[in-house]
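Bear in mind that the values in this text are calculations on the coordinates, not laboratory data. As the structure is a prediction and not an experimental result, all values here were calculated from the model. Every residue, glycine among them, receives a Cβ derived from its backbone with ideal geometry; neighbour counts consider all protein chains shown.
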């Protein structure tokens, strides 16, 4: 059985796949870049950090409010002048998917964009760029019936 946290990550991945962003079917639930970067752009989706809020409900099992930092990274390659536009397009596609279902399939109370960062690496034969979107996803686990 997977955790609600993993369920949220998988739901985001499914939404990005269904939206057919510029990354197409290249959506991975991992932090590390795939070894083969021949097919870009691609998206990485993962849980970065989670805080337990102080609104724990007593009972068995105890239920905790949680605030998950979920990260979606878009990676693209190309000439620097084209890369900015491609990264911005990836960010727009990601934001549209995340805003379309802020409950993440009924698993979360809210999903809020916290930050968007851009990065560029020009050391290789072709510049690589990344757009990093960080979301705060508020949910409760384990579930409380009727909530």
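How far is helix 80-100 tilted off the main Cα axis of the chain, in degrees rounded to 10, range 0 to 90? Once rounded, the angle reads 20 degrees. With the highest mean first, a sort of the peptides 45-52, 72-79, 122-129 on other beta-carbon atoms found within 10 angstrom per residue produces 72-79, 45-52, 122-129.
Segment residue 110..residue 48, full-extension length gain: 20.6 nm, with 0.36 nm per residue of separation and the alpha-carbon distance subtracted.
Pairs of alpha carbons in the stretch 84-144 separated by more than 15 Å make up 58% of all such pairs. All C-alpha to C-alpha distances of the stretch 1-81, sorted into 10 Å bins beginning at zero, yield P(r) values of 16, 38, 26, 13, 6, 1 percent in whole numbers.
Across the stretch 1-43, Cα-Cα distances exceeding 12 Å account for 61% of all pairs. Contact order for the chain, expressed relative to its length and based on alpha carbon pairs under 8 Å spaced 6+ residues apart, stands at 25 percent.
Estimated from the Cβ-Cβ distance and a Förster radius of 25 angstrom, the FRET efficiency linking residue 138 and residue 92 is about 0.60.
Can you compute the FRET efficiency between residue 17 and residue 62 using 1/(1 + (r/R0)^6), with r the Cβ-Cβ distance and R0 = 30 Å? Round to the nearest 0.05. Working from the Cβ atoms, E equals 0.30. Report the Cα centroid-to-centroid distance between the stretch 75-93 and the stretch 3-50 in angstrom, as an integer. If we compute the Cα centre of each part, the gap is 17 Å. When its C-alpha radius of gyration is set against 2.2 N^0.38 Å (N residues), the chain gives a value of 1.15. Nearest 5 percent is fine: what portion of the DSSP beta bridges confined to the chain is antiparallel? Antiparallel bridges make up about 95 percent of those DSSP assigns within the chain.
For the stretch 92-134, relative contact order (Cα pairs under 8 Å, six or more residues apart, normalised by length) works out to 28 percent. Rounded to the nearest 10 degrees, the angle from helix 4-19 to the longest Cα principal axis of the chain is 40 degrees. Segment residue 31..residue 103, full-extension length gain: 23.6 nm, with 0.36 nm per residue of separation and the alpha-carbon distance subtracted.
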